[in-house]
Amino acid sequence: MKKIPAAIMGTAALLSASLNADAQSAPPNVAAANPGDVRLIATAAIRDPLNAVRKQAQSAIGRPIVAEYGSARGNLKDQILTGQDFEVAILLPDVDDELEAAGKIAPGRFEIARVPVAFGLRGEAPTLDVSSPGAVKAAMLNAKSVKYSPTGAALMTVKKILSTLDIAGKIHDSSRAPGEVPLAAGEYEINIYPLSEIIANRRLKNLGAVIAQLQVPAIIEATVGKNAADPTAARALIRFLQGPAIDQALKDSGTEKGGIGK
């Protein structure tokens, strides 16, 4: 396989428009890409596994990869609907339903992973119990703050928790609060995010996956962009991500391997 020049390889780093001078012409928060790069747009729920195998993936497909991570139901969906082209998007089924209806993705969806949603603790609550519906209800009602993304991959689990436990409107919901909610001595915040994001956040104590009665795992699937400049490379990347090279990275992030898809 033809070796990718180091200078080109460098462009495949995870780029940010605000941090890279070459990105000045790109829309805000959109990673810059050069001709021949494979643009990958992906939910933050699978950021760490993808980053772990990115170099291997580049070698496998023979193209530099420019990756952008964010909120599947938020900024990423909005960017695609407003015209952002891409080779591969790794998002959620309900988001792909919208993109398909809008003619933004090619036929075919390919499950990459399933991520359980978990509780993360910030603050002081050394004996906090989340092992039963009653315990979860008490923990959330007594929390100074409950944090989650209103457009993130954990949203379906959050909705199930709030509905099943009848605590919507009764918790201190900080999902749309800017910045970090201050905590006094003895106060705590519960975070509800995909387990992969909880594990990666060193400021949070991982309380484990949400119990089965309240759990809705996030299904993460890949699609090819309808206007992809290189659909062959896009399909090659998806095949790589469905192969064994990513298995250990998925396991390390608490994520389950997905099915082959259709």
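The values are calculated or read from the model by the stated rules, or taken from the named source; none is laboratory data. In this text the structure is predicted, and so the values were computed from the model without any measurement. Using ideal geometry, Cβ is built from the backbone for each residue, glycine included, and neighbour counts are taken over all protein chains shown. Side chains are part of the model used for accessible areas, which takes the heavy atoms of the whole protein and leaves out ligands, DNA and RNA. Shrake-Rupley method; radii C 1.70, N 1.55, O 1.52, S 1.80 Å.
Only one of the numbered conditions (1) touching a Ser or Thr at 6+ places or on another chain (Cβ under 6 Å); (2) surrounded by fewer than 14 Cβ atoms within 10 Å (Cβ to Cβ) is violated by LYS159, and that is (1). Looking at (1) touching a helix residue (DSSP H, G or I) at 6+ places or on another chain (Cβ under 6 Å); (2) under 24 Å from LYS257 (Cα atoms); (3) assigned to a helix (DSSP H, G or I), which is the one condition that is false for VAL158? Condition not satisfied by VAL158: (1).
Matching residues to (1) touching a residue at least 24 places away in the same chain (Cβ under 8 Å); (2) closer than 27 Å to GLY208 by Cα:
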position: THR43; (1), (2): yes, yes
position: LEU50; (1), (2): yes, yes
position: ALA57; (1), (2): yes, no
position: GLN79; (1), (2): yes, no
position: ALA89; (1), (2): yes, no
position: VAL95; (1), (2): no, yes
position: GLU98; (1), (2): no, no
position: PHE119; (1), (2): yes, yes
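Picking from residues in the range 81-99 that are closer than 12 Å to ALA42 by Cβ and not aromatic (Phe, Trp, Tyr), the one that is surrounded by the fewest Cβ atoms within 10 Å (Cβ to Cβ) is LEU92.
For the range 204-243, filtering for residues that are more than 18 Å from the chain's Cα centre (by Cα), touching a residue at least 24 places away in the same chain (Cβ under 8 Å), within 19 Å of LYS104 (Cβ to Cβ) and part of a helix (DSSP H, G or I) leaves 3. Considering only residues in the range 114-151 that are farther than 16 Å from ILE198 by Cβ and touching a helix residue (DSSP H, G or I) at 6+ places or on another chain (Cβ under 7 Å), the one that is most open to solvent (accessible area, probe 1.4 Å) turns out to be ASP129. Looking across the range 193-228, the residues that are open to solvent by 60 Å² or more (accessible area, probe 1.4 Å), more than 21 Å from LYS251 (Cβ to Cβ) and not charged (D, E, K, R) come down to GLN213, ASN227. Going through (1) part of a helix (DSSP H, G or I); (2) of a type outside the set (Phe, Trp, Tyr); (3) open to solvent by 30 Å² or more (accessible area, probe 1.4 Å); (4) out of contact with any strand residue (DSSP E or B) (no Cβ under 6 Å at 6 or more places or on another chain) one by one, PRO107 falls short only on (1). Residues that are closer than 22 Å to GLY74 by Cβ, open to solvent by 50 Å² or more (accessible area, probe 1.4 Å) and hydroxyl-bearing (Ser, Thr, Tyr) within the range 163-192 comprise just one, SER163. Say whether the condition of being outside any helix (DSSP H, G or I), within 30 Å of ASP166 (Cα to Cα) and aromatic (Phe, Trp, Tyr) is met by at least one residue in the range 72-87. So far as the range 72-87 goes, no, none of its residues is outside any helix (DSSP H, G or I), within 30 Å of ASP166 (Cα to Cα) and aromatic (Phe, Trp, Tyr).
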